[in-house]
Each structure stands twice: as C-alpha cells, then as structure tokens.
Amino acid sequence: MALLGEKSYVNYEEQEAALVDFLQNFKSSSTEAADQLEGLNLDGDGDDADYDMVDDSDDPAPGASRRRRRTQAKYMEMLQDIADRTRTNVLIDLNDLDTWEKAVDPERQLKLVESIERNCHHYIEIFSRAVDKVLPQPTQEPSFKDDVLDIIMTQRSKRNEKMQEQQGEDGGQAPAELIFPPALTRRYTLNFKPIVPAGASSQRSMKALAVRHVRGEHLGHLITVRGIATRVSDVKPAIQVNAYSCDRCGCEIFQPVTSKHFTPLVECPSDDCKKNNTKGQLFLSTRASKFLPFQEVKIQEMADQVPVGHIPRQMTIHCHGDLVRQISPGDVIDCAGIFLPTPYTGFKAIRAGLLTDTYLEAQYVMQHKKAYDDIVLAQPTLKRMNELERTGQLYEYLSRSIAPEIFGHVDVKKALLLQLIGGVTKEVGDGMRIRGDINICLMGDPGVAKSQLLKYITKVAPRGVYTTGRGSSGVGLTAAVMRDPVTDEMVLEGGALVLADNGMCCIDEFDKMDDGDRTAIHEVMEQQTISISKAGITTTLNARTSILAAANPLYGRYNPRISPVENINLPAALLSRFDVLFLILDTPSRDTDEELARHVTHVHMHNAHPEAPGGVVFTPAEVRQWVARARSYRPTIPKEVSDYMVGAYVRMRQQQKRDEGTKKAFTHTSSRTLLGVLRLSQALARLRFAEDVITEDVDEALRIVEVSKASLYTDENRKDDHTPSSKIYHLIKTMEASGAAAVGDGSRGELDLRRVRERVLAKGFTANQFEQAIDEYSMLDVWQTTGEGTRLVFIEAGNEDVDNDDF
C-alpha cells in the first residue's frame with residue numbers, strides 16, 4: 001500500500017521564475033570603493049571586540065575592479081563573466097535577495113530568503129537552473145584547446161546532424177542538451193552569502209554559533225559557525241560527473257555523482273546496445289569527466305566558547321570549488337554553510353551501527369584577522385595617518401596603545417611595537433636568508449603583567465599563537481607525524497611555531513620548559529625553519545615567526561645576591577638568539593606604587609584605561625592598520641649610518657668586557673647583538689614610513705638595548721629623586737653608556753650636545769629644564785661643555801666603577 005501524498009506548500013516553479021527575475025533585474029548601487037571600505041574600523045567607535053574583520057568584497061574575481069560600475073545589473077555582469085570563462089563562482093548575497101524581495105513582494109508570499117535558509121541544499125539546484133536560463137551568450141568565441149567538454153559537445157551535435165540527415169527529421173537522436181547532465185555543462189559553482197541584519201555595519205553582527213550549539217534542528221539549514229582551524233587537508237579533485245565511452249556503440253555515458261560513494265557503470269545503457277543485445281563494455285574517460293577541488297577543514301571551538309571543565313569540540317567542514325585554499329591552520333573564521341549528515345562507511349559503519357556523522361558544507365568564509373598584505377587602507381584612514389605622522393609623536397602614541405590597561409613598561413611596549421613591525425628579511429644572492437623578525441624575552445618577577453602583554457600581542461598580530469612552556473612539548477611546538485583520517489597516509493601536522501608562520505608565537509613560562517623541548521626552537525629562532533626526519537618523512541617546514549617569550553628568574557624572584565647569569569638560568573646559545581632581553585624587577589617605590597594602585601583601581605571602577613596624557617590611544621584594529629602600512633616599506637642603511645653602527649658595536653663590546661670584570665655581565669655581546677640593533681633600527685625607520693635608516697634610529701635602538709638591563713644597575717638603598725634635573729641626568733647617562741648621541745670619533749664620555757638636546761626635548765622636557773640640568777651638574781663637576789657649547793664631556797668618564805647616584 002502506497003503512502004498518502006501530501007500537497008506541497010511551496011511552488012518551486014513560481015519561485016524559480018522569481019529567481020530568474022531577480023538575476024535579470026537586480027541592480028547594485030554600491031561602488032567598488034564602498035565594498036572595499038566596508039568593515040574597516042576608522043575611528044574605533046565602540047569597537048572593543050576581541051576579533052575584528054576587514055570585510056571581503058562581494059566580488060572576489062581577479063578582474064572585478066575593472067567591471068564594477070554604478071547601478072548596473074550586478075548578477076548579469078557576473079553571469080557574463082561566467083559565460084566568458086573569466087569567473088568560476090557565482091556568489092548570491094542573500095541581502096540583495098532580501099532587498100529585492102521587499103521591493104517586489106512586500107507581503108513575502110514567496111518567502112525566498114526564508115526558504116533558502118531552511119532548505120539550502122535543494123535551493124542551490126533551483127538557483128542553478130535559474131542561472132542556466134538567463135546565462136548570456138559569450139562575448140568572445142570560446143577556445144577549444146583546454147575544455148574537452150566543448151569538443152565532445154561539438155562532435156556530438158555534428159554527429160546528431162548527420163544522423164538526422166540520414167534518418168529524416170523524425171528519426172534523429174535527442175539533442176545534446178538532453179544527453180549531457182546539467183552538472184556537467186555548468187562551468188561554475190554557486191554559493192550563498194548569509195544575510196546580515198539591517199542596520200549592521202559589518203559582518204560581525206551576523207550571529208555565529210559555537211560548535212556545541214549546533215543541534216539537530218539545524219540540519220539542512222544555512223548556519224554560521226565560529227571556530228579556529230586546526231587541521232587543513234590537501235586539495236584533491238572530487239568527482240562530480242563520471243564519463244564513460246562504450247567499446248561497441250561508441251556512445252558517451254555520463255553518471256552524476258551526488259554522494260561520497262558510488263558504483264561505476266559496467267554495461268552500456270544506450271539504445272543501440274540494448275536493441276542489439278551486445279552489452280558493450282564501458283571504459284572510464286577521465287578527460288571528459290568533471291572534477292571539483294575538494295578540501296576538508298577541521299575547526300575547533302574558541303577558548304571563550306568552552307564552558308568550565310569541558311574540552312573544545314570539533315566540526316568537519318567540506319570546501320569545494322573556489323572556497324578551497326582560503327583557510328590556513330590557525331585562522332579564526334566564521335564559516336557559513338549547510339549542516340548535513342553523512343553516514344559512516346566501511347568498518348566505521350559496522351562499529352557505529354545506526355549513528356551518523358555530520359559536517360558543514362561551506363558556502364562562505366569570513367576571516368576575522370586578515371594578513372598585513374591583505375589589509376586595504378581607506379582614504380580617511382590614510383589622511384588621519386598623515387596628520388598624526390606630521391606631529392612627530394607617532395612612536396609615542398602607538399607604543400602607548402600597546403596594552404593601555406597595563407601601567408608603566410613604556411620601553412617594553414616600545415620594543416613590542418617594534419617587534420610587531422619587524423625588520424627587513426633579506427635574501428642574499430647565493431640563497432642565504434637573513435631574518436628580519438625580532439625575538440624578545442621578558443624576564444621578570446611575578447606580577448609585572450608579562451602574561452597580559454603576551455595575550456595582547458597575540459590579539460593584535462594577524463597570526464598569533466599563545467602557548468605555555470609546561471604545556472608544550474618539542475613535538476607540539478614544531479611538527480608531529482600523524483595518520484590522515486581522509487587518505488590514511490602519514491602526514492605532518494604543524495605545531496605552534498608552524499601555525500604562527502608570518503606571525504607571532506608567544507611562549508609563556510619559558511623557564512618551565514624541559515631542556516630537550518627548549519632546544520627544538522633554536523633552529524626556528526635563527527634559521528626560521530623546522531627540519532623534520534620522522535617516519536620516512538624528511539622535509540623542512542617554514543616557521544617565519546617572531547618569538548615573544550616570558551620567563552621568571554631562578555627560584556621565582558630575582559635574587560640580587562647572585563650574578564645575573566645565575567638568575568636568568570637559560571643557556572647562552574638560546575639567550576644570544578633574543579634581540580632584546582628585558583629584565584623587569586619589581587622594586588618598591590612609593591610614588592610608582594601609588595600611581596600603579598590608582599591605575600589599577602581606575603581600570604576596575606570604569607572598566608577602561610585612564611585617559612592618556614596626549615589623548616590618543618588606538619584600538620587593536622587601528623594598531624594593525626598602522627603596522628600593515630609600516631611593513632610595506634623596506635628601508636636601507638646608508639654608508640654614514642653603517643659607519644656609525646660599527647663604532648657603536650665596538651663600544652658595546654668594550655662595555656661588555658668591563659661588565660664582566662665587575663660581575664655585572666648580563667648577556668654576551670656578539671654579532672647577533674649587532675644584527676638585533678640593525679633590525680630595531682629598520683623597524684624604527686619603517687615606523688617613520690621612510691626608505692632610509694638615520695642615526696637617530698640607531699640611537700633609539702641602542703637605547704632600548706641598554707634600557708632593557710637598566711633595572712639591574714639600580715641601587716636598592718638609594719633614595720628616589722624624581723626632579724626633572726635628575727631625570728634628565730639619568731637619561732643623558734643612559735645615552736653615554738649605550739653610545740647613543742656619541743661624537744663622530746667615538747670617544748667615550750663625549751656626546752654631541754645638539755643631539756642630546758633633541759632627544760631630551762623629545763621626551764617631553766622643556767628647554768629651560770634642559771639648560772637648568774646642564775648648569776646644575778656642571779657646577780657639581782659631573783660634566784662640562786666644550787667645543788663652544790657643541791660637546792658634552794663627562795669629567796669622571798675614566799673611572800669605570802663610579803657610582804652615578806652620588807650626585
């Protein structure tokens with residue numbers, strides 16, 4: 001007994017006619033510039049989300065900018081590109097369909113958008129049929145050199161014409177359109193872009209589900225899931241239409257494949273073979289078959305989506321066509337797709353019983369944090385950049401915007417800003433590669449906000465990976481050999497350093513790592529590669545990443561009774577690979593402690609950082625835009641700057657020798673130290689948007705290297721003096737120790753007074769305060785001015801063990 005039929009409440013023919021009308025008559029009033037600027041955070045108004053997106057253009061085709069015009073039929077232009085073979089993807093924006101439906105059908109009787117969201121997989125076929133009806137003729141004659149399908153269709157149509165001539169009009173075979181399945185003749189893939197609520201300024205307003213919130217009620221629906229990509233398979237061809245040729249009658253037989261498994265045809269089903277009862281054998285014709293690129297992606301829940309005590313859940317995403325190669329491991333994405341079930345196969349089916357697996361058929365992928373090269377800067381943003389650049393305070397503003405909720409650490413934040421920008425990576429003619437990424441280690445007492453700085457840098461960097469020393473193994477940092485569940489082959493799965501390629505890898509609790517695991521990153525920090533020889537796989541992986549490590553001294557806190565080397569307790573081979581090693585000590589100071597307490601209580605009361613003195617604090621999205629523009633420059637080093645840097649390096653070596661004699665050796669000064677100063681100088685030149693490095697950049701780089709160990713030389717018993725004269729004195733003394741602002745002949749203890757004045761005034765002091773400090777310490781016989789007021793000479797520069805705090 002047959003089941004009773006039920007009348008369908010949806011008229012698919014009427015909906016298909018409406019979709020044809022939509023494709024033909026919908027006109028887009030948006031311009032190319034508006035599409036590019038959509039989603040850019042220009043003024044930072046109300047945007048405090050953890051992740052920000054620069055929206056992709058609706059038209060990702062290579063020649064889109066040439067074809068975009070005002071108030072034109074958007075989808076007819078797109079279909080014309082399909083007919084001309086310059087485009088392979090049709091992206092239907094449901095916002096456009098919703099706008100058109102409101103204008104044409106105010107009562108929403110057709111319910112097009114609602115129907116597509118509820119039964120998306122079926123409406124892809126309905127939309128494809130509508131596209132086939134309105135697909136225009138190509139404006140240029142297609143070339144038969146590449147597409148085998150055109151040759152077969154041409155030959156079949158010619159053969160049909162000959163058969164019709166021989167047999168008459170009524171005796172001819174069916175036309176070619178009825179022989180070829182629609183999936184074979186379509187030279188495009190159709191995808192839907194999910195709808196964004198009205199009034200939303202960016203894609204962030206779209207509701208993205210966590211993996212654990214996807215239920216059975218979402219089966220067949222178009223949903224958006226947020227997660228981080230953990231595994232991305234290789235791109236492989238997936239069969240869509242299988243083509244055969246018969247050895248008896250010569251007919252071409254096509255078999256559409258709609259599931260993961262199919263049974264190949266063996267006997268020819270054509271009329272000739274059936275009439276003659278010959279049972280011709282079919283041979284697979286690979287060139288006439290149609291394949292689609294296929295990629296499997298595994299995404300995992302974000303850390304803030306996982307309840308306490310639970311482990312993150314995973315979801316499988318299938319990408320086809322133009323959606324492949326859009327996701328890399330470590331990317332935070334919002335993926336819109338169709339939630340579908342898939343039965344287990346093989347031995348898994350026997351073990352699973354009645355259970356089925358689920359996956360997401362990807363339709364649209366939105367990246368949360370785009371790479372620096374992909375960020376498009378808007379004209380208002382560039383105008384604001386130029387205005388702030390002319391103030392000369394850009395370096396201070398940007399460094400102040402690094403973790404503004406954390407009090408102090410001004411020089412540490414400047415070093416982190418330069419690490420985000422990085423130096424210039426060079427390729428020598430013989431293939432040798434000199435890294436431009438800057439590595440920084442923060443060594444300090446507990447409670448100085450090292451981990452918070454690392455978390456912020458992870459949020460700002462487009463590709464930021466955060467890991468801890470005790471929770472990371474050498475294999476987890478580099479690469480592990482695993483068995484691919486799709487192909488059952490042994491494959492390499494990249495660790496934290498590989499996921500952070502072209503980004504930042506922040507390693508917390510660096511001192512808690514095992515020595516064997518810590519040696520795994522030695523190669524990464526200098527050669528920026530990972531060499532693997534495991535399970536028959538011998539290869540080299542790229543790990544072009546900047547390392548930001550945070551560690552505690554031996555026994556937790558810094559012990560002033562033992563030497564700095566014993567406190568740090570890291571091997572010299574590892575320390576030399578860090579360009580800057582900051583030693584941050586937590587020393588009691590009444591004024592500083594009071595300011596810190598006021599800052600912390602203000603953050604807790606108002607849930608925001610206090611207002612900066614200059615009033616300019618950038619959001620993470622704006623910092624990323626500044627860094628993206630700075631990284632587009634490749635500054636070079638002129639001859640005079642090179643000579644100045646050579647003299648500075650010689651003085652640093654001499655200072656290191658003197659420190660070893662007084663047991664104040666911090667790190668060993670080697671050629672890697674010179675390369676570190678070079679990278680910091682290039683980063684400072686990039687920050688000025690300049691093509692050349694100047695001596696002031698080198699001075700600032702030397703100052704950062706010197707100030708990183710300044711807390712080591714502070715006397716615990718001295719009384720703090722915070723008068724402007726004392727601050728200026730300590731600043732000038734730091735210049736003298738680092739070699740910054742030294743005169744041309746490199747004489748120790750002699751500084752160029754003009755450059756000293758410029759640097760002191762740049763720190764916010766007035767000219768009167770500078771003159772008063774010079775006169776005050778001249779009367780104390782600390783220094784004197786020579787050369788008609790052009791040089792500043794320290795009188796006691798020859799005494800190496802002088803205590804600077806006696807004055």
For this session: Provide the three semi-axes, in whole Å and in decreasing order, of the ellipsoid equivalent to the range 310-363 as defined by the square roots of 5 times the Cα gyration tensor eigenvalues.
Result: 25, 15, 10
Problem set entry | Restricting the range 594-662 to GluC sites (Glu not before Pro) in coil, as DSSP defines it, with at most 10 other Cβ within 10 Å | Glu611
Exercise. Given the Cα-Cα distance of Ala349 and Ala597 and 0.36 nm per residue of separation, how much length would full extension add, in nm?
Worked result: 83.1 nm
Problem set entry | Cα-projected label distance for Glu660 with Val616, points at 7 Å along beta-carbon direction, nm | 4.5 nm
Seminar exercise, completed: So the FRET efficiency between Lys275 and Ala480, C-beta based with R0 = 60 Å and rounded to 0.05, is 0.50
Problem set entry | Potential extension, Lys236-Thr86 segment - 0.36 nm per residue separation minus Cα distance | 51.8 nm
Problem set entry | Quotient of C-alpha Rg and 2.2 N^0.38 Å, computed over the range 724-794 | 0.98
For this session: Would you list, by chain and number, the lysines whose Cα falls below 16 Å from the Cα of Lys290, excluding same-chain residues fewer than 8 positions away?
Result: Lys236, Lys260
Seminar exercise, completed: Of the candidates Gly516, Ile532, Thr545, the farthest towards the positive dipole end of the range 439-570 (Lys/Arg Cβ +1, Asp/Glu Cβ -1, centred on the Cα centre) is Thr545
For this session: With a ≥ b ≥ c taken as the square roots of the eigenvalues of the C-alpha gyration tensor of the range 94-134, please select rounded if a/c is under 1.5 and otherwise prolate if a/b is larger than b/c or oblate if it is not?
Result: oblate
Problem set entry | Lys, Arg +1 and Asp, Glu -1 on Cβ, resulting dipole of the range 363-504 about Cα centre, debye, nearest 20 | 540 debye
Exercise. Going highest first, how would you order 400-411, 208-219 by mean Cβ packing within 10 Å?
Worked result: 400-411, 208-219
For this session: Take peptides 102-114, 445-457 and line them up by average Cβ neighbours within 10 Å, highest first, as a rough protection proxy.
Result: 445-457, 102-114
Exercise. Considering only Cα-Cα distances, which of the following residue pairs are longer than 19 Å: Lys193/Lys298; Lys193/Lys459; Lys111/Lys193; Lys102/Lys133?
Worked result: Lys193/Lys298; Lys193/Lys459; Lys102/Lys133
For this session: May I ask you to list the chymotrypsin sites (Phe, Trp or Tyr not before Pro) in the range 281-363 that are in a DSSP loop and have at most 16 other Cβ atoms within 10 Å of their Cβ?
Result: Tyr344
For this session: For every other residue with a beta carbon closer than 12 angstrom to the beta carbon of Gly220, add +1 if it is Lys or Arg and -1 if Asp or Glu, then tell me the sum.
Result: -2
Exercise. Carbon and sulfur atoms: what percent of the 1.4 Å accessible area of the range 724-794 do they account for?
Worked result: 48 percent
For this session: Quick one: which residues, 5+ away or cross-chain, put their amide H under 5 Å from the amide H of Glu509? H built at 1.01 Å from N.
Result: Gly469, Ala550
Seminar exercise, completed: Full extension between Glu14 and Lys260 adds, at 0.36 nm per residue less the Cα distance, a length in nm of 85.4 nm
Problem set entry | Cα→Cβ-extended label distance, 7 Å offset, between Arg557 and Lys512, nm | 2.0 nm
Exercise. Taking the Cα-to-Cβ direction at Thr356 and at Glu493 and moving 7 Å from each Cα, how far apart do the two end points lie in nm?
Worked result: 2.7 nm
Exercise. Under the definition of Cα pairs under 8 Å and six or more residues apart, what whole-number percent is the relative contact order of the range 491-578?
Worked result: 34 percent
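The values are calculated or read from the model by the stated rules, or taken from the named source; none is laboratory data. These numbers were taken from a predicted model, which means no experiment stands behind them. Using ideal geometry, Cβ is built from the backbone for each residue, glycine included, and neighbour counts are taken over all protein chains shown. Note: accessible area is taken over every heavy atom of the protein model, side chains too, but ligands, DNA and RNA are not part of it. Shrake-Rupley method; radii C 1.70, N 1.55, O 1.52, S 1.80 Å.
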